[in-house]
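Student: Take a look at the following structure, please.
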Number of protein chains: 2
Amino acid sequence: MHINKFVTPEIIFGKNAIKQAGDACLRLGAKKVLIVSDYGVAAAGWLEKVISICKESHLPFATFIDVTTNPKDAEVANGCRTFIENECDAIIGVGGGSALDVAKAIAVLAANGGKISDYEGVDKIEKPLPPMIMIMTTAGSGSEVSQFSVIVDSNRQKKMTIISKTLVPDIAIIDPYTLVTKESALTAATGMDVLTHAVESYVSIAATPLTDVQAKNALSLVSTYLRPSVASKTNEEAKEAMAMASLQAGLAFSNAILGAAHAISHAIGGRFPMAHGEINAILLPYVMDFNFIAAPRRFTEMAEFMGIDTRGLTQREAGNAAIQFVKELSLDIGTPQRLSDVGITEEMIDWTSQTALEDACMITNPRDVTLEHVKSLLKNAL
Amino acid sequence: MHINKFVTPEIIFGKNAIKQAGDACLRLGAKKVLIVSDYGVAAAGWLEKVISICKESHLPFATFIDVTTNPKDAEVANGCRTFIENECDAIIGVGGGSALDVAKAIAVLAANGGKISDYEGVDKIEKPLPPMIMIMTTAGSGSEVSQFSVIVDSNRQKKMTIISKTLVPDIAIIDPYTLVTKESALTAATGMDVLTHAVESYVSIAATPLTDVQAKNALSLVSTYLRPSVASKTNEEAKEAMAMASLQAGLAFSNAILGAAHAISHAIGGRFPMAHGEINAILLPYVMDFNFIAAPRRFTEMAEFMGIDTRGLTQREAGNAAIQFVKELSLDIGTPQRLSDVGITEEMIDWTSQTALEDACMITNPRDVTLEHVKSLLKNAL
């Protein structure tokens, strides 16, 4: 038995939980807070909401919203400058994975100096970060609870994975009501990202009983609630379930890390503008099929968590049923089925495969992965 | 849907996890640590072990082990004096619930002054506490992860429940190997305490999806592994499972709080020297029977987590099966069956009932409780 480590932020979950953001900052000793978000979230009205909450708590603030999908190192540097120029001492992130990962990376630079690539890898951050409160509005990335920040190195055209316990926010606020503004395509893509987090952390070589319970529950929730959540912006039961699934999958992968789907998805997202959740949705069944022989019993268990009756099935049959379940789910909710559907071409495969092999998430994939494996997997998924 | 809040420490779980205690302290900035323990734990060799670990990490330390079962306010005051006189700035607790609750209470006084009764109730602690690392050696109280400290007020002969997020330790170390020194009677009593935590938090009115997954897993582990853990000091699989059960039940009740069994058990333990786990073991089936009508569906679910096949059973039958399961478990492992077996007499009932009604844990019991209810329950259990 290896040592299990498990880290989580304080979690505030529920309808209107967002209203506690101001007081939560004050409780952490904040005098002036930088609110980090992006244009989409601002357009949906959530930035304004957080600003009014800060005003109610008499908490001075500045804002930074120049954040893009697959966010870049330069955005982090700009955000850090805004933090320092405004003499902020705490950070609120509000949005999906992009805004929250940039918010965390700003905290790293504000406290530790240098450039964000200095902190790529595991446990490179030395000085403690300013208080961080993360408000999740997408039910996808799990960044609100994770020890991860993923930022693109523009020179190398590569996603850097920064992993450190200090990146776990002080407080995660998950308000399912914020999900009602999401377009169905985004709900679908981020929901498939949640599914990928749950599956990859459940079969990760770093999985522990503590991460298993979270991954299991997330799998079960996504299997039941992702379809109705994509179908309706206002289905509150489905939004709450998907917000909880995202949170629990985040707790699982933050502590168990991920696998080949994320390694490849990071490689693609570092160079091309494709949506992270869509790439994961395409790759997941191929990666599951590849990984099956590494953990056949775990695949039967995952099939059961998905609601499949595995009595009388062989492990291979149960594994296939789980893979088929994922394919049908993605078809039903309309996420892209093939890499060529989102603009990936055969010429991109060599570079992507090599880069994916070097990603930190590849280390915890349950099956050993070679360059030929990745190339073959990508060709199958084209 | 009400707001879910969930707080946990950083968790280090596994064989030889205890060896990380010294470096964990240094990581939290400790310059000199007070090691809080008790005589039983010292006799088992674990105090000496922690001392040698501190020496290896070149971490200066002082010790305080004058801690009794159902620990008293005066012990906390003495421990705080030791902390201050030795100019400590961090605390390691090593032991069961008594040692860890005293360690936490010392941290409260060291940072906030006054006497420990000043902090009775919810959220009365204002100043942040020194870094706390808790090493659990009993698989029972869950104190290593909880926001609770329970200390006897000697004047009022009453257990004070102190609840505050600041009481969640910075790091919880759970090393299942430490359980191999426990006598079987203590394994049995503390194991029934774990079961009581899981059951009471699962039916608590403050239960949330986040606490449910922990309570559910704890129930399932206790149901499978408590018997073999009592049967053998050296069954490592059972020790690991019970350590995990204790941890998960602790995460559940720390955030969902408890119910009538603990309220009554606190009342008894504040005045009389009975073991907390044994009292809970006796009370649990009676409290379950009383609470059944408040949450029939949850009782069917608990029966399933215990491994009972509930197909074809009515909710009442499933609830009865769960209660019967608890009775048979406690019979098998030899914990006392009736309050009179541990020295409770009819004369103690009036005082105990009144005191139990005022306990903080009564607030989250799923069924409204009157004085007559408690009296009748205690008479049945005599």
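Student: Just which residues of region A:162-192 lose 10 Å² or more accessible area with every protein chain there, against their chain alone, with the probe set to 1.4 Å?
Tutor: For region A:162-192, once contacts with the other chains are taken into account, A:Lys165 lose 10 Å² or more.
Student: Distance between Cα centroids, region A:294-373 to region B:194-235: provide it in whole Å.
Tutor: 33 Å
Student: A further question follows. Any idea what the relative contact order of chain A is, in percent, if you count C-alpha pairs under 8 Å spaced at least 6 apart?
Tutor: With pairs under 8 Å counted, the relative contact order is 16 percent.
Student: Filter the DSSP H helices in chain A by two things, a Kyte-Doolittle mean of at least -0.5 and an axial alpha-carbon span of 30 angstrom or more, and list the hits by number.
Tutor: Both cut-offs are met by A:209-231.
Student: Let me ask another. At 25 °C and 0.890 mPa s, grab the translational diffusion coefficient of region B:1-115 from Stokes-Einstein with a Kirkwood Rh over Cα pairs, rounded to a whole number in µm² per second.
Tutor: The estimated diffusion coefficient comes to 166 µm²/s.
Student: Another question about this same structure. So the label point goes 7 Å from the Cα of B:Val180 along Cα→C-beta, right? Which residues of region A:1-37 then have their backbone N under 16 Å from it?
Tutor: Under cut-off, by backbone N: A:1-2.
Student: Pop out the Kirkwood hydrodynamic radius of region B:189-283 from its pairwise C-alpha distances, inverse of mean 1/r, in Å to one decimal.
Tutor: Kirkwood radius, region B:189-283: 13.3 Å.
Student: Express the accessible area of region A:1-92 per residue in Å², computed with a 1.4 Å probe while the remaining protein chains stay in the model.
Tutor: Dividing the accessible area of region A:1-92 by its residue count gives 43 Å².
Student: Sticking with this one: Among the lysines, which have Cα under 26 Å from the Cα of A:Lys375 when same-chain residues fewer than 8 positions away are ignored?
Tutor: A:Lys158, A:Lys159, A:Lys327
Student: Suppose all protein chains stay in the model; what accessible area per residue would a 1.4 Å probe give for region B:274-363, in Å²?
Tutor: Per residue, region B:274-363 has an accessible area of 44 Å².
Student: Still on this structure: In region A:1-105, what is the count of Lys pairs whose alpha carbons are under 22 Å apart, counting only pairs at least 8 residues apart or on separate chains?
Tutor: Here the count comes out as 16.
Student: Related question: Using the Cα atoms as the points, what is the convex hull volume per residue of region B:106-158 in Å³?
Tutor: For region B:106-158, the hull spanned by Cα atoms encloses 103 Å³ per residue.
Student: Please report the spacing between the Cα centers of region A:100-165 and region B:102-133 in Å, no decimals.
Tutor: A separation of 33 Å, based on Cα centres.
Student: In a GNM of chain B with a 10 Å cut-off on Cα contacts, which of B:His276, B:His262, B:His197 has the highest mean-square fluctuation?
Tutor: Most flexible of the set in this elastic network: B:His276.
Student: Still on this structure, I have one more. When the scattering of region B:291-382 is computed by the Debye formula from its Cα atoms alone, each counted once and equally, what is log10 I(q)/I(0) at q = 0.12, 0.20 Å⁻¹?
Tutor: Per q value, in the given order, log10 I(q)/I(0) is -0.49, -1.09.
Student: Can you give the mean number of other chain Cβ atoms that lie within 10 Å of the Cβ atoms in peptide A:8-18?
Tutor: Values: counts 8, 3, 6, 8, 5, 9, 6, 3, 2, 4, 0.
Mean shielding count: 5.
Student: Find the Rg to Rh ratio for chain A, where Rh is the Kirkwood radius over alpha-carbon pairs and Rg uses the same atoms.
Tutor: On the way: Rg = 19.6 Å, Rh = 20.5 Å.
In chain A, Rg relative to Rh is 0.96.
Student: Tell me the relative contact order for region B:146-288 as a rounded percent, counting alpha carbon contacts under 8 Å between residues six or more apart.
Tutor: It comes to 32 percent, rounded to a whole number.
Student: Going from the alpha-carbon gyration tensor of region A:56-201, what semi-axes, largest first and in whole Å, does one get by taking the root of 5 times each eigenvalue?
Tutor: One finds semi-axes of 23, 19, 14 Å for region A:56-201.
Student: Relative contact order of region A:1-156: what whole-number percent is it, with Cα pairs under 8 angstrom and at least 6 residues apart?
Tutor: Here the relative contact order equals 26 percent.
Student: Next question, about the same structure. Provide Rg and Dmax in Å for the protein assembly as shown, with only Cα atoms included in the calculation.
Tutor: Cα only, the protein assembly as shown: 26.0, 86 Å (Rg, Dmax).
Student: For region A:115-132, just list the computed ³J(HN,Hα) in residue order, Karplus coefficients 6.51, -1.76 and 1.60, θ = phi - 60°, integers in Hz, with x standing in for Gly and Pro.
Tutor: 10, 5, 5, 4, 10, 4, x, 9, 6, 9, 8, 9, 8, x, 8, x, x, 10
Student: Need one number: buried accessible surface between chains B and A, 1.4 Å probe, both sides summed, DNA, RNA and ligands left out, in Å² to 100. Could the numbers behind the result be given before it?
Tutor: Working: alone 14760 and 14760 Å², together 27000 Å².
Adding both sides of the contact gives about 2500 Å².
Student: What is the percent carbon and sulfur in the accessible area of the protein assembly as shown, measuring with a 1.4 Å probe over the protein chains and ignoring ligands?
Tutor: Its accessible area is 51 percent carbon and sulfur atoms.
The values are calculated or read from the model by the stated rules, or taken from the named source; none is laboratory data. Remember, predicted model here, so these are calculated numbers, not experimental data. As a convention, Cβ positions derive from the backbone with ideal geometry for all residues, glycine included, and neighbour counts pool all protein chains shown. Ligands, DNA and RNA are stripped out before the accessible areas are found, and what is left, the full protein with its side chains, is counted by its heavy atoms. Shrake-Rupley method; radii C 1.70, N 1.55, O 1.52, S 1.80 Å.
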